[in-house]
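Enquirer: Submitted below is the structure of interest, expressed as structure tokens.
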Amino acid sequence: MENFVAEIHDLFKTCSCGNHHNDIPIETIMAENGALNKVASFLAEKSFGSPKIVADSNTMTAAGDKLTELLNSAGLAVTSCEVTPDENGDVVADEKALVQVLLETGRNSDCMIAVGSGTIHDITRFCSATLNIPFISIPTAPSVDGFTSLGAPLIVRGVKKTFQMTSPIAVFADIDVLKKAPKEMIAAGVGDMIAKYTSLADWKFERYAADVPYCELSAELTQLALDECVANIEKIAKAEDEGITILIESLIKSGIAMLVFGQSHPASGGEHHLSHYWEMDLLKNNRPQVLHGAKVGVTTILLSSIYKSEFLNELDNILENGEIQEKHGKVLANLRENKDKVKEILEAIPDPESTKRLIENLGGPVLPNELGISDSLVHDSLKHAHHLRDRYTVLKFLNVVLQTEYDFAAKA
């Protein structure tokens, strides 16, 4: 992937969508065996002599200890911050974790190194931007697509909020490390990619319903990454070098699509809003957390069914409903003008049963109760999760425009 960043940067120079595109500050991306061995030389080239490793107890064991040894051998004054878990043993990207890392990093470190998966990267991304020092990404599991993005989803006073902060200046994804990740984290990575089925549908729907900014190239890059992942699902399930390389590269590409566009629209829609709602409820009730990718895999299956049954099948009736037209004339006018395109968007979402089979091939969960999520929480999230983000998703349309009283949980 070393030439990938330059190719994408040049490609987006040709984009005619009219939206602002962020430059890509990532100087190098290595997804290969032994990538950890390349970190010290990169730091030397950048004249970084005092790196701060941010990790948790598991990721220190997976890669942090070896990286520390490599950097010490290179004569670097490396220090580390092992983020303290909560009472459930979970590392959470909340105020406590952020303050801990900020205090332990202080003013003596000249760069930060995120050694971990999604949560560690979210914490490091925020602290890096706050301290105005760069950070480097060392994924320890191919479990999320946020390694290369700008967004840092954080829990602030119990509410999940995403802050646009900074992307890493380099990514060293060591396949020797990633293929040893727990199988549930590999399945979670596939779940986060599968979520693009509904996130892309939501973004395209927003484009026509609410005239939100849209970028064909960002959407296409995300779609290609999704297609590559799905086409190689059997190789990924084997957790061998080729499959894990394909998965981490797909996740990285999805993150870059978000980075260039500057927002999470290409990779995060209603399915992520449901996931955030569930996560907040688990925290509120002091329950152990569930892997992000596992949640969005399940919520994608859930929304796929709802979008096709409650919206696609009723679209013609909705557009001709006089009462709805009176209250929401502009939205209905937009949808009526683009009805065929909207139908194509929803029809392109795969059948929920086929998505279930994909995730089941990796041993991942496909139903909310497999995650310990009750029917009542599913119902509440389907009615209220759209409030978490200012996004005009199909889920928001069903709740705000139709003000439906459907029992979503029973129908899903």
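Enquirer: Mean residue ellipticity at 222 nm from the helices of the chain, using -39,500 (n - 2.57) per DSSP H segment of n ≥ 4 over the full residue count, to the nearest 500 deg cm²/dmol? List each step's numbers first, then the result.
Expert: Details: 20 runs with 206 residues, N = 412.
That comes out to -15000 deg cm²/dmol.
Enquirer: Further question: Return the unpartnered cysteines for the chain, using a Cβ-Cβ cut-off of under 4.7 Å.
Expert: Cysteines of the chain left without a disulfide-compatible partner: CYS15, CYS81, CYS111, CYS127, CYS229.
Enquirer: Hey, any idea what the orientation-averaged projected area of the convex hull of the stretch 246-398's Cα atoms comes to, in nm²?
Expert: Averaging across all directions leaves 10.6 nm² for the Cα convex hull.
Enquirer: Still on this structure, I have one more. Compute the separation of the alpha-carbon centres of the stretch 211-249 and the stretch 350-405 and state it in Å as a whole number.
Expert: Value for the Cα centre distance between the two parts: 22 Å.
Enquirer: Quick one: length gained pulling LYS330 to GLU234 fully straight, 0.36 nm per residue minus the C-alpha distance?
Expert: Numbers: separation 96, 0.36 × 96 = 34.56 nm, distance 4.54 nm.
Between LYS330 and GLU234, full extension yields an extra 30.0 nm.
Enquirer: Which far-off residues, 5 or more places away or on another chain, put their amide H under 5 Å from the one on VAL92, with H placed in the peptide plane?
Expert: Placed amide hydrogens put ASP86 under 5 Å from VAL92.
Enquirer: Compute the distance in nm between two label points, each set 7 Å from the Cα along the Cα-to-Cβ direction, one at ASN22 and one at SER376.
Expert: Calculated label separation equals 4.0 nm.
Enquirer: Using Cα atoms only, what is the angle between the long axis of helix 292-306 and the major principal axis of the chain, expressed in degrees (0 to 90) to the nearest 10?
Expert: 10
Enquirer: Pairs LYS284/LYS327; LYS161/LYS383; LYS96/LYS196; LYS161/LYS196: which exceed 24 Å Cα-Cα?
Expert: Details: LYS284/LYS327 36 Å; LYS161/LYS383 19 Å; LYS96/LYS196 31 Å; LYS161/LYS196 20 Å.
Flagged as over cut-off: LYS284/LYS327; LYS96/LYS196.
Enquirer: Take the Cβ-Cβ distance between GLU32 and ASP86 as r, set R0 to 35 Å, and report the resulting FRET efficiency rounded to the nearest 0.05. Could the numbers behind the result be given before it?
Expert: Values: r = 35 Å, r/R0 = 0.99.
After rounding, the FRET efficiency stands at 0.50.
Enquirer: Using 0.36 nm per residue of separation minus the Cα-Cα distance, give me the extension gain between ASP227 and ALA348 in nm, one decimal. Display every interim value, and only then the final one.
Expert: Working: separation 121, 0.36 × 121 = 43.56 nm, distance 1.28 nm.
In short, 42.3 nm is gained.
Enquirer: Right, next: Running a GNM on the chain with Cα contacts under 10 Å, which residue among GLY322, GLY262, GLY189 ends up with the highest mean-square fluctuation?
Expert: GLY322
Enquirer: Gap in Å between the Cα centre of the stretch 253-316 and the Cα centre of the stretch 84-162?
Expert: The distance from the Cα centre of the stretch 84-162 to that of the stretch 253-316 comes to 21 Å.
Every read-out reported here was derived from the displayed coordinates using simple, explicitly stated rules and does not represent laboratory data. Predicted model, so just to flag it, every value in this text is computed and none were measured. Neighbour counts are summed over all protein chains in view; Cβ atoms, including those assigned to glycine, are modelled from backbone coordinates with ideal geometry.
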